[in-house]
Structure formats: structure tokens, C-alpha cells
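Read-outs throughout are calculated quantities, based only on the coordinates presented, and are distinct from any laboratory measurement. Everything numeric here is computed off the predicted structure, so don't read it as measured data. In this analysis, Cβ positions are derived from the backbone assuming ideal geometry, glycine residues included, and neighbour counts consider all displayed protein chains.
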Amino acid sequence: TTPAFTFANGDRMPALGLGTWKAAPGETAAAVTEALRIGYRHIDCAPLYGNEAEIGEALAAAISSGLVKREELWITSKLWNNKHLPHDARPALEKSLADLRLDYLDLYLIHWPIALKPEIEFPTSGADFLSPGDAPLEDTWSAMESFADAGLCRHIGVSNFNVHRLKHLYVRSRIRPEANQVESHPLLSQQMLLDFCGPAGIALTAYSPLGSPDRPARLQRGDDPPLRDAPEILQVAAKHGISPAQVLLAWAVSRGTSAIPKSVNPERLKQNLEAASIRLDEEDMEKIAGMNQFYRFIDGALWAMEGSPYSLEWLWRGHD
Ligand code: A2P
């Protein structure tokens, strides 16, 4: 069985989940169905990914056919940046629940600590943002707490929060954030966040654990350092007779994070799930830990455009 993160109430989140960002319409349902068939029980979703309704179809079919029971699944979704105002947040959650055909989520996250005006999905100018003063994260968090109170989600958390922002919310919250989902892989180990989250009982989930090679062109840079084909990764892969992607995922799970690699390919879905049960030795772990260079494939530059009330310094400071 796949290792899991255990929350304070005993709920268990499988450490290896299926990422659904970039899973295209028309191929998502088949990927989710295949994932459930081979044993995935954790699916990471968000309305921004444009495929929650399709995922909902696959979930409903898997449940009604008896392949899985609802209570065996771990389903995460996220509140998009233009829904931070408390009166916009509840309808956003209800839309995700309706699309996913669920009556509760296992985990609901604030997708980014960035607020946009309600009519803006992606900003094109500084005027499209709400400032932290207009839409305080504490107020959005109060709304998240009310969703947990109402039983609409069993756990609440955040995403793309640095250690300062996470601590700020943690000490002020009535219901503490129980998860933080951030980019993480050997080039961005997030060790400082992990050191805070572990003792605080906060699940740290690694997105883009394979370096997000299929991210949209607008997020690509020509000069990415090697990840899957870095010499350290290739050495460990050869030593254990596993694929480079499996090294990345085994490393993520072995160090106590969860990981949500995206795949829509049956063979890769299978090898990714199996990677969660591969144990690397101390020599491997140290070799890979030496690769950290604070490199972000998802750099957040969009949120720090000219005229934005947010900066990259504010967003990421404290990552090291
Ligand atoms: P595909 O969906 O065709 O399998 P990330 O989770 O970091 O965003 O990475 C997702 C990308 O990595 C997708 O392009 C996905 O392609 C690819 N991918 C997923 N699993 C593997 C694997 N085991 N080996 C190689 N590439 C993979």
C-alpha cells in the first residue's frame, strides 16, 4: 500500500496522488479512470484546470460501478485567486463540488496568496489585482474555516505560501492550515518549509515534482537546468534499475512530502504510483539533496507584473 500522511484526526492522505493540471479535456476522464483502476486513491484538482466536471464523471462512474468507495478517495480542490472575497468563496466551493459530483472534499486549499478582482481569471494589468488590504488572507481563511465547520471539506490548507505567510496564518487561525502545496523537486527542495511543516503537523505536498515539462509556453524559459536527466538522478536511477521520474518521486515521498505527478499515460501512471513504495538509501538522499538551487519552473512572475501590489520577494522570500 502507498505511504500516507496522517492528519491529527486520523485521516490519511496517500503520499502519491494524481496531478490534473494540464490534463487536457477529452483525456482527463480516461486518465482518472485508469489511475483509480490501478490503485490511485488521491486526485489533486482545481477549477482553474478546466477539467473538474470531467473528473467528476470519472469519479461518479468509478463509485457507482463499485471500483472505489467515496470514503477511500482523497480529493483535493482549490479556491482560485478571484474568489478570495468571503462572499465569492462559498459559491466557488459549491461549483467545484457540483462539478466533481461530491458532497464534500477531503482537502480545500487557497490556490495562491494572491487576490484578483472577481471578474479577472488571469491579470493583464496591475489594475486587475486586489491588494492584501482589500482582500486580507485572514478573511479568506475565515471563510475556509466556515466550510470545514459546514462539513463541505474535511481539511483546509493553502498553496504557494512561503514560510512567513504560513506562520502568519497558522498562529492566527481558529482551524489551523493542515496542508501547504508548493512546487518542490530536487532543484527546489523547500527544506525550510518542510522543517516548519513537519513538527506543525502540516502536510507539505510537492507539485511539479517532475519539473512540469509540459507547462504552457507562456511559463517556459529556454534555459531550464536539467532535472530528470541531471547526472545525480541518472546515477540513482541506474543503481536501482528504476526510471529517472521514479527517482524524483521516491525522493519526494522518502523525505516526508507527498507528490502529485501529472500523467495521462497508462504506463507512466503505473510507474509513478509504484515509485511511492521505492525506498532510497541515505547516500542517494544526500546526493539528491545536494542538487538544490532554488530553481522554480513555476516562477510566479505573472503575479508580480508592473503595477501589481505583490512582488516576487513578497511571494517567495523565505524559501531557503
Ligand atoms: P504524460 O502526461 O504524457 O505522462 P509534472 O507533474 O511535474 O507537471 O510533470 C508532468 C509531465 O511529466 C507531463 O508532461 C507528463 O507526461 C510527464 N510524465 C509523467 N510521468 C512521467 C514519467 N514517469 N516519465 C516521464 N515523463 C512523465
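Using beta carbons and a limit of 6 Å, which pairs, at least six apart or on different chains, have the first residue in region 30-48 and in contact (Cβ under 8 Å) with a residue 60 or more places away in the chain and the second one of a type in the set (Phe, Trp, Tyr)?
His42/Trp74; Leu48/Trp80
Which of the residues spanning region 27-45 are within 20 Å of Ala98 (Cα to Cα) and among the β-branched types (Val, Ile, Thr)?
Thr28, Val32, Thr33, Ile43
Hey, could you check region 268-285 for residues that are among the basic types (Lys, Arg) and more than 11 Å from Tyr40 (Cβ to Cβ) and say which is farthest from the ligand (Cβ to nearest atom)?
The selected residue is Arg279.
Hey, among the residues in region 185-220 that are within 20 Å of Thr6 (Cβ to Cβ) and in a loop (DSSP other than H, G, I, E, B), which one's nearest to the chain's Cα centre (by Cα)? Before you say what the answer is, go through the steps one by one.
Of all residues in region 185-220, those within 20 Å of Thr6 (Cβ to Cβ) come to 193-206.
When the remaining residues are screened for being in a loop (DSSP other than H, G, I, E, B), the result is 201-202.
Values: Gly201: 17, Ile202: 13 Å.
Residue satisfying both the conditions and the ranking: Ile202.
Restricting to region 54-69, name every residue that is farther than 12 Å from Leu36 by Cβ and in contact with a Leu (Cβ under 8 Å, 6 or more places away or on another chain).
Once the filter is applied, which keeps residues that are farther than 12 Å from Leu36 by Cβ and in contact with a Leu (Cβ under 8 Å, 6 or more places away or on another chain), region 54-69 yields only Gly56.
Identify, by number, the condition in (1) among the charged types (D, E, K, R); (2) under 17 Å from Ile288 (Cα atoms); (3) loosely packed, with under 15 Cβ neighbours inside 10 Å that Asp195 doesn't meet.
(2)
Please go through region 201-218 and pick out each residue that is more than 6 Å from the ligand (Cβ to nearest atom), touching a helix residue (DSSP H, G or I) at 6+ places or on another chain (Cβ under 7 Å) and not small (Gly, Ala, Ser).
Within region 201-218, Leu204 is the sole residue that qualifies.
Can you say whether Val171 is under 23 Å from Leu194 (Cβ atoms) and either buried (at least 20 other Cβ atoms within 10 Å of the Cβ) or in contact with a helix residue (DSSP H, G or I) (Cβ under 7 Å, 6 or more places away or on another chain) (or both), as far as the supplied structure shows?
It is false that Val171 is under 23 Å from Leu194 (Cβ atoms) and either buried (at least 20 other Cβ atoms within 10 Å of the Cβ) or in contact with a helix residue (DSSP H, G or I) (Cβ under 7 Å, 6 or more places away or on another chain) (or both).
Give the residue that is surrounded by the fewest Cβ atoms within 10 Å (Cβ to Cβ), with candidates limited to residues of region 100-140 that are farther than 17 Å from Lys78 by Cβ and among the hydroxyl-bearing types (Ser, Thr, Tyr).
Thr124
Taking region 240-267 on its own, how many of its residues are of a type outside the set (Gly, Ala, Ser), within 11 Å of the ligand (Cβ to nearest atom) and crowded, with 16+ Cβ neighbours inside 10 Å? I'd like the intermediate steps shown before the answer.
Residues of region 240-267 of a type outside the set (Gly, Ala, Ser): 240, 242, 244, 246-249, 251, 253, 255, 257, 260-262, 264-267.
Narrowing further to those that are within 11 Å of the ligand (Cβ to nearest atom): 242, 244, 246-249, 260-262, 264-267.
Filter once more, so that each one left must be crowded, with 16+ Cβ neighbours inside 10 Å: 242, 244, 246-249, 260-262, 264.
Going through region 240-267 one residue at a time, the tally reaches 10.
Would you mind telling me which numbered condition in (1) under 27 Å from Glu54 (Cα atoms); (2) within 19 Å of the chain's Cα centre (by Cα) Val163 fails?
(1)
Read through the list (1) within 15 Å of the ligand (Cβ to nearest atom); (2) closer than 26 Å to Tyr310 by Cβ; (3) in contact (Cβ under 8 Å) with a residue 40 or more places away in the chain, then give the number of the only condition that Ile233 fails.
(2)
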